[in-house]
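Below: the structure, in structure tokens.
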Amino acid sequence: FSLLSRSRESFLLLIWSCFIQTIVLFIVPLVLGIIFLYVPALSPTFLSPFLSLKYIIMLSTFIGLEGTKRNLRSLLHLAFYNKILTFIEVLNILSYTTLVWFIVYETGFLNFYILIIPFLCVSLFTTLFLSYYIGKYYLTLQKGPEVFSRHRSRLLKSRLFSYTNQMTRIMFSSNFLLPFLTLGRIITDGSLLTLINTITFTSSSIIQKIFG
């Protein structure tokens, strides 16, 4: 990171490489959702209840904001802005929790929109805060020769392997598999999977705390 952030030019290219994945993950659900919405013959049956333009937009917005926030947070971690990040993360959690419970208190009920819309709003403001500090860090850099292109291949390979590893772990986690088991009415298997996941997570956490 220190090598790629020696100049403003290299840092901008680094940012662009980080956001390619987020842009793709934002566009793909949006395009596929619109295609499935207006061409129902191509849509999988289990997606039918969720094929609404508002759901498609909210999903794409959620992916775009969270992906952007994650990338900005990672860059600021590498730039040693940990104190600022801690403040922003705590403010993010408190703002969301307070906003949801305030709406519940005023309206007297809780639904999907009360959960997701405040989340998107808080995520947007958090992303703007993080972008502001990325801009401040950018202004501290000097103008100079661009060195990113020499390391582009190694960086992209590293991100590809990391992304593949993360997606593999997600696809075989209970949080991913449980809804499919529930859709198939295999409740017993779903409960067993949740129990195994809880035991495994607890055991690994204890081992990690003991041995580091």
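The values are calculated or read from the model by the stated rules, or taken from the named source; none is laboratory data. Please read these numbers as outputs of a predicted model, since none were measured by experiment. Cβ coordinates were reconstructed from backbone atoms using ideal geometry, including for glycine residues, and neighbour counts include every protein chain displayed. Side chains are part of the model used for accessible areas, which takes the heavy atoms of the whole protein and leaves out ligands, DNA and RNA. Shrake-Rupley method; radii C 1.70, N 1.55, O 1.52, S 1.80 Å.
Hey, any hits in the stretch 80-94 for a residue that's outside any helix (DSSP H, G or I) and out of contact with any strand residue (DSSP E or B) (no Cβ under 6 Å at 6 or more places or on another chain)?
Within the stretch 80-94, the subset outside any helix (DSSP H, G or I) is 80-81.
Filter once more, keeping what is out of contact with any strand residue (DSSP E or B) (no Cβ under 6 Å at 6 or more places or on another chain): 80-81.
Within the stretch 80-94, one or more residues are outside any helix (DSSP H, G or I) and out of contact with any strand residue (DSSP E or B) (no Cβ under 6 Å at 6 or more places or on another chain).
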| said: Condition check: within 30 Å of LEU13 (Cβ to Cβ) and free of Cβ contacts under 8 Å to residues at least 24 places away in the same chain. Does LYS136 satisfy that? | reply: yes
| Here is a list of conditions, (1) surrounded by fewer than 17 Cβ atoms within 10 Å (Cβ to Cβ); (2) farther than 30 Å from PHE11 by Cβ; (3) without any contact (Cβ under 8 Å) to a residue 12 or more places away in the chain, and ASN82 meets all of them except one; can you say which number that is? | (2)
| said: Looking at the stretch 1-9, can you tell me whether even one residue there is under 22 Å from the mean Cα position of the chain (by Cα) and either within 30 Å of PHE112 (Cβ to Cβ) or open to solvent by less than 60 Å² (accessible area, probe 1.4 Å) (or both)? | reply: no
| Entirely in the stretch 96-183, the helices (runs of 4 or more DSSP H) that have 2 or more residues that are in contact with a Phe, Trp or Tyr (Cβ under 9 Å, 6 or more places away or on another chain) and modelled with pLDDT of 90 or more | 112-140
| message | Step by step: first the residues of the stretch 59-78, then only those that are more than 18 Å from CYS121 (Cβ to Cβ) and of a type in the set (S, T, N, Q), then the one that is surrounded by the most Cβ atoms within 10 Å (Cβ to Cβ). Which residue is that? | response | ASN71
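Which of the following residues is open to solvent by 40 Å² or more (accessible area, probe 1.4 Å), among the charged types (D, E, K, R) and more than 25 Å from ILE15 (Cβ to Cβ): GLU106, GLU89?
Checking each option against the conditions leaves just GLU106.
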